[in-house]
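The structure appears right after this line, and notes come after that.
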Amino acid sequence: MSFTRHFALAAFVGCLGAAAMAQEAAKPDWTNSPWGAEDELGAANTMTPERVKSAAELVTTGKVYSLGMVVGPDTPAFAPRTLSVTVLQPNQVSTSGLGENAFTYNDDIFMGWLGIGPQIDGLGHAGVDHVYYNGHTDDEFANAAGLTKLGLHNLPGLVGRGVMLDMAKHFGVDMVESGTPYTEDDIKAAAEAQGVSIGEGDVVLFNSNWMNLLDGDDADPVRFGSSEPGLGVSGAEYLASLGVMAVGADTWGMEVVPAETEGEAFRAHQILQPENGIYILENMDTRELAADDVHEFLFVLGHARVKGTVQMIINPIAIR
């Protein structure tokens, strides 16, 4: 290799290295996870055996609350998400089934988006200008065939102390109005009035009775899916400062819509997920917890661990 070609190659490699260094330097401080450069679990790291054991001790009556709403083709969802189910009797149309005992069966085919109805948002969901939790950029992990980093298959599940804040009760209304943000002050006041604290590793759920718009006497699914009350910016920052593991609500987007600041979109998602590694739970049916005045419980979530997924339809359980 001539000196000229060697110099040009070295300069090219040097430029690539400088570009990579510049790109790394341009990333904000939050891109460095407190759990290390290889971490993909985020706030799930706070799910220690000691905390799980302590949460299990909250069970007093054994009553089980299903938090996952029933979801179907008509469930309002963030566009363009849809789903459908087709039930078939494979290879049985012209037969009596399998074997001499005529075994017949039904199977179903699911076609749709996994971020619909009661769902968990994995850490590969929300980003800031294509930068996600722990500094991953979508060009390095978000393949069309599945995430190569931050996929929900990495998450073993979520088990811990659940806290439910009844925001309808806090605001003194039957149902919280759309566009109402849950601020830091609101969260502190609701927690104090309802006799519960919030700490590291907790799963915090908000009740607004918004789901009455789906099955109540004055059901209005269009209104349900067009706006919502929810977590505000200061509320998200406060919960992140406490080190919670997950935040959920009885609305399709968890946070307030329209946003508190005109022109912003899903800022609370950004604070929780890419900046702090906190999981988001949406469309959680918290009404029965609120009706029973339950504000502290064992929270258990096991999800389908489909490789490379961003979100998943779920049915978490609260046990009193």
Which number in (1) surrounded by fewer than 21 Cβ atoms within 10 Å (Cβ to Cβ); (2) of a type in the set (D, E); (3) closer than 18 Å to M69 by Cβ; (4) touching a residue at least 40 places away in the same chain (Cβ under 8 Å) marks the one condition that E260 misses?
-> (3)
Flag if N276 is out of contact with any strand residue (DSSP E or B) (no Cβ under 8 Å at 6 or more places or on another chain) and either surrounded by fewer than 22 Cβ atoms within 10 Å (Cβ to Cβ) or touching a residue at least 24 places away in the same chain (Cβ under 8 Å) (or both) = yes
In the set G235, G248, G243, which member is touching a helix residue (DSSP H, G or I) at 6+ places or on another chain (Cβ under 9 Å), crowded, with 19+ Cβ neighbours inside 10 Å and under 19 Å from A126 (Cβ atoms)?
-> G235
Some residue of region 219-228 being touching a helix residue (DSSP H, G or I) at 6+ places or on another chain (Cβ under 8 Å), among the small types (G, A, S) and not in a loop (DSSP other than H, G, I, E, B) | no
Residue identified as modelled with pLDDT under 95, exposed (fewer than 10 other Cβ atoms within 10 Å of the Cβ) and within 30 Å of V310 (Cβ to Cβ) among A37, A26 = A26
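Per-residue answers, yes or no, for (1) loosely packed, with under 14 Cβ neighbours inside 10 Å; (2) modelled with pLDDT of 95 or more; (3) assigned by TED's automatic domain parsing to the domain that holds G162:
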site: R51; (1), (2), (3): no, yes, yes
site: A55; (1), (2), (3): no, yes, yes
site: T61; (1), (2), (3): yes, yes, yes
site: Y65; (1), (2), (3): no, yes, yes
site: G68; (1), (2), (3): no, yes, yes
site: S94; (1), (2), (3): yes, no, no
site: D107; (1), (2), (3): yes, yes, no
Out of D121, D74, which single residue is touching a Pro at 6+ places or on another chain (Cβ under 8 Å) and closer than 25 Å to M254 by Cα?
-> D74
Of the conditions (1) touching a strand residue (DSSP E or B) at 6+ places or on another chain (Cβ under 6 Å); (2) over 23 Å from V52 (Cα atoms), N209 clears all except one; give me its number.
-> (1)
Unique match (being of a type in the set (A, V, I, L, M), crowded, with 16+ Cβ neighbours inside 10 Å, under 17 Å from G248 (Cβ atoms) and in contact with a strand residue (DSSP E or B) (Cβ under 7 Å, 6 or more places away or on another chain)) among V176, V159 = V159
Scan region 108-162 residue by residue and report those that are assigned to a strand (DSSP E or B) and either hydrophobic (A, V, I, L, M, F, W, C) or touching a Leu at 6+ places or on another chain (Cβ under 6 Å) (or both).
-> I109, F110, M111, G112, I120, V128, V131, A142, L147, L158, V159
Checked E228, E255, E264 against criteria (touching a Ser or Thr at 6+ places or on another chain (Cβ under 8 Å) and not aromatic (F, W, Y)); the one match is E228
Where residues in region 279-299 are over 14 Å from the mean Cα position of the chain (by Cα) and part of a strand (DSSP E or B), which of them is surrounded by the most Cβ atoms within 10 Å (Cβ to Cβ)?
-> F299
Considering T82, T86, which residue is within 21 Å of L213 (Cα to Cα) and of a type in the set (S, T, Y)?
-> T82
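The values are calculated or read from the model by the stated rules, or taken from the named source; none is laboratory data. Note that the coordinates shown come from a computational prediction; the quantities given were computed from them, not determined experimentally. Cβ atoms come from the backbone with ideal geometry, glycine included; neighbour counts cover every protein chain shown.
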